[in-house]
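Colleague: Take this structure, written in structure tokens, and hold onto it; I'll ask about it next.
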Amino acid sequence: QVQLVESGGGLVQAGDSLRLSCAASGRTFSRYSMGWFRQAPGKEREFVSTISRQGGGTYYADSAEGRFTISRDNAKNTVYLQMNSLKPEDTAVYFCAAKEGYTDYDALKYDYWGQGTQVTVSS
């Protein structure tokens, strides 16, 4: 069992930056690939980024490429999402998720989820 707690969301203006954190507790953090997903009102949950167990592999949605950076610190059991040049269309609840084994874009492949943190970007 893995418990995930996100933090770092908030209300910002377009062009600003935020760094989301996701703290994990429970079983060995380094066993899990980690992902960030988001869900805007009235829309389905969508993939944002994922990182491999040791951090050597990172992947991004087209909407995040070049603006967001995922990273992890296995010593601190934490995964981060640095978001720069935020846009109003980035407004959503952001969730972190964990899965054993390889990274994946598919939310259904993830076993553990946090409660989410709200990111609101005003124009």
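The values are calculated or read from the model by the stated rules, or taken from the named source; none is laboratory data. Source: prediction; values computed, not measured. Virtual Cβ from ideal backbone geometry, glycine too; neighbours counted across all protein chains shown. The accessibility values were calculated without ligands, DNA or RNA, using every heavy atom of the protein model including side chains. Shrake-Rupley method; radii C 1.70, N 1.55, O 1.52, S 1.80 Å.
Colleague: Of the residues in the range 1-24, how many are touching a Lys or Arg at 6+ places or on another chain (Cβ under 7 Å) and closer than 18 Å to Ser122 by Cα?
Modeller: 2
Colleague: Select from the range 31-41 the residues that are under 20 Å from Lys87 (Cβ atoms) and modelled with pLDDT of 95 or more and list them in ascending order.
Modeller: Scanning the range 31-41 gives Trp36, Phe37, Arg38, Gln39, Ala40.
Colleague: Can I ask one more? From Ser85, Ser123, grab the single residue that is open to solvent by 60 Å² or more (accessible area, probe 1.4 Å), in contact (Cβ under 8 Å) with a residue 12 or more places away in the chain and in contact with an Asp or Glu (Cβ under 9 Å, 6 or more places away or on another chain).
Modeller: Of Ser85, Ser123, the one residue that is open to solvent by 60 Å² or more (accessible area, probe 1.4 Å), in contact (Cβ under 8 Å) with a residue 12 or more places away in the chain and in contact with an Asp or Glu (Cβ under 9 Å, 6 or more places away or on another chain) is Ser85.
Colleague: Kindly provide the set of residues from the range 88-120 that are closer than 19 Å to Arg31 by Cβ, more than 14 Å from the chain's Cα centre (by Cα) and touching a residue at least 24 places away in the same chain (Cβ under 8 Å), ordered by number.
Modeller: Result: Glu100, Gly101, Tyr102, Asp111.
Colleague: Sticking with this structure for a sec: Out of the residues in the range 13-30 meeting the condition of being of a type outside the set (A, V, I, L, M, F, W, C) and at pLDDT 95 or above, tell me which one is least open to solvent (accessible area, probe 1.4 Å).
Modeller: Top of the filtered list is Ser21.
Colleague: Picking from Asp62, Asp73, which residue would you name as being over 19 Å from Lys87 (Cα atoms), surrounded by fewer than 22 Cβ atoms within 10 Å (Cβ to Cβ), of a type in the set (Asp, Glu) and without any contact (Cβ under 8 Å) to a residue 40 or more places away in the chain?
Modeller: It is Asp73.
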